[in-house]
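I have placed the structure first, in the form of structure tokens, so that the comments after it can refer back to it.
The values are calculated or read from the model by the stated rules, or taken from the named source; none is laboratory data. Keep in mind the model is a prediction, meaning the values are calculated, not measured. Here the Cβ positions follow ideal geometry from the backbone for every residue, glycine too, while neighbour counts run over all protein chains shown. Just so you know, the surface numbers come from the protein's heavy atoms only, side chains and all, with ligands and any DNA or RNA stripped out. Shrake-Rupley method; radii C 1.70, N 1.55, O 1.52, S 1.80 Å.
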Amino acid sequence: MRVTWEELGWERLADGVGRCRLPGWDCTVGLVLGEGSALLVDAGSSLAEGARLRLQAQELAGCRVSFLALTHPHFDHVFGAAAFAGAHVFAAHGRAGAFEDGRRELRADAVRNGLDAAKAEEAADALVRPHEHVFGSLSLELTGGRRTVLTNVGPGHTAQDLAVVVPGDPTVVFCGDLVEESGEPQAGPDAVPSQWPAALDRLLELGGEDALYVPGHGAVVDAAFVRAQRDTLAERFGVSR
């Protein structure tokens with residue numbers, strides 16, 4: 001008998017869909033279960049964290065993780081990816097080299113934000129290149145008929161922001177750091193502020209009014225929260241709507 005979401009400290013969002021909030025940076029990792037396959041959304045901030053997530057995901061799914069969707073190329077979301085050997089890795093199409101040639105930049109950012117330098121070096125050296133870049137939308141069907149939709153909704157928080165939509169009752173939208181609940185959305189040097197509000201409009205179109213929106217950091221929110229954050233960002237960055 002499989003363990004429950006709650007037994008491993010995960011939050012059940014819908015049938016076969018859950019997420020956990022990782023310690024440290026309060027990052028979200030999502031998991032979508034098929035029958036004999038599974039999709040993980042983001043991979044944690046280090047190889048050790050990725051390995052723990054791999055074991056927990058296997059317990060919940062009863063199988064290895066088949067697919068890994070990386071919402072954007074920041075260390076706290078991608079540094080655990082190398083722990084998922086054999087998984088097919090997706091990312092949004094965007095700035096060339098963000099994953100392939102950005103190891104030094106990601107390592108430096110990780111150390112600036114408090115990750116141990118040796119762990120950051122290890123993860124940067126093992127950084128996984130995405131196997132497939134999503135240009136528009138891609139429908140991914142897990143075994144058992146579970147369908148997910150991967151959509152390149154950016155740029156916004158970065159030049160390549162990927163959302164993962166799981167249709168159902170309720171529909172679940174994994175937003176990456178386009179949406180943050182536990183603090184103000186962070187706009188680093190790779191953000192595209194002028195287009196961020198429009199990216200949130202695209203998220204709302206994908207999920208609709210009744211969806212659960214899962215931010216990259218913080219508690220699950222509703223469409224009204226996403227809409228309010230869109231308006232706040234538009235005012236903050238001087239973007240007319």
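Of these, 2, 52, which one is of a type in the set (Lys, Arg), open to solvent by 60 Å² or more (accessible area, probe 1.4 Å) and within 26 Å of residue 171 (Cβ to Cβ)?
Result of the check over 2, 52: 2.
Of all residues in region 198-224, how many are buried (at least 20 other Cβ atoms within 10 Å of the Cβ) and under 26 Å from residue 105 (Cα atoms)?
The number of residues fulfilling the criteria is 4.
Could you check how many residues of region 144-191 are closer than 19 Å to residue 91 by Cα and among the basic types (Lys, Arg)?
Counting residues in region 144-191 that are closer than 19 Å to residue 91 by Cα and among the basic types (Lys, Arg) gives 1.
Which of the following residues is closer than 30 Å to residue 63 by Cα and buried (at least 22 other Cβ atoms within 10 Å of the Cβ): 149, 166?
Criteria check complete, one pass: 166.
Any residue at all in region 225-238 that is part of a loop (DSSP other than H, G, I, E, B) and buried (at least 21 other Cβ atoms within 10 Å of the Cβ)?
no
All but one of (1) within 12 Å of the chain's Cα centre (by Cα); (2) surrounded by fewer than 24 Cβ atoms within 10 Å (Cβ to Cβ); (3) not hydrophobic (A, V, I, L, M, F, W, C) hold for residue 42; which doesn't?
In the conditions (1) within 12 Å of the chain's Cα centre (by Cα); (2) surrounded by fewer than 24 Cβ atoms within 10 Å (Cβ to Cβ); (3) not hydrophobic (A, V, I, L, M, F, W, C), residue 42 misses (2) alone.
Does residue 136 count as closer than 28 Å to residue 65 by Cβ, surrounded by 14 or more Cβ atoms within 10 Å (Cβ to Cβ) and at pLDDT 95 or above?
Here the answer is no, as residue 136 does not meet what is asked.
Among (1) open to solvent by less than 60 Å² (accessible area, probe 1.4 Å); (2) closer than 30 Å to residue 12 by Cβ; (3) in contact with a helix residue (DSSP H, G or I) (Cβ under 8 Å, 6 or more places away or on another chain); (4) of a type outside the set (A, V, I, L, M, F, W, C), which single condition is residue 59 missing?
It is condition (1) that residue 59 fails.
Considering only residues that are open to solvent by 10 Å² or more (accessible area, probe 1.4 Å) and within 16 Å of the chain's Cα centre (by Cα), look in region 85-99 and name the one that is modelled with the highest pLDDT.
88
Please list, ordered by first then second residue, the pairs with beta carbon atoms under 8 Å, 6 or more apart or interchain, first in region 129-146 and free of Cβ contacts under 8 Å to residues at least 12 places away in the same chain and closer than 23 Å to residue 79 by Cβ, second open to solvent by 80 Å² or more (accessible area, probe 1.4 Å) and in a strand (DSSP E or B).
none
How about region 123-133: which of its residues are open to solvent by less than 20 Å² (accessible area, probe 1.4 Å) and in a loop (DSSP other than H, G, I, E, B)?
127, 130 - these are the residues of region 123-133 that are open to solvent by less than 20 Å² (accessible area, probe 1.4 Å) and in a loop (DSSP other than H, G, I, E, B).
Can you work out which of the residues in region 107-122 that are among the aliphatic types (A, V, I, L, M) and under 17 Å from residue 77 (Cβ atoms) is most open to solvent (accessible area, probe 1.4 Å)?
Per the criteria, the residue is 111.
So is residue 77 within 20 Å of residue 177 (Cα to Cα) and assigned to a helix (DSSP H, G or I) or not?
Against the criterion (within 20 Å of residue 177 (Cα to Cα) and assigned to a helix (DSSP H, G or I)), residue 77 qualifies.
State yes or no: is residue 9 in contact with a Cys (Cβ under 8 Å, 6 or more places away or on another chain), over 19 Å from residue 115 (Cβ atoms) and at pLDDT below 95?
Answer is no for this residue.
Six or more apart or on different chains, Cβ atoms under 9 Å: show the pairs whose first residue is in region 215-241 and of a type in the set (Lys, Arg) and whose second is at pLDDT below 95 and open to solvent by 70 Å² or more (accessible area, probe 1.4 Å).
230/241; 236/184
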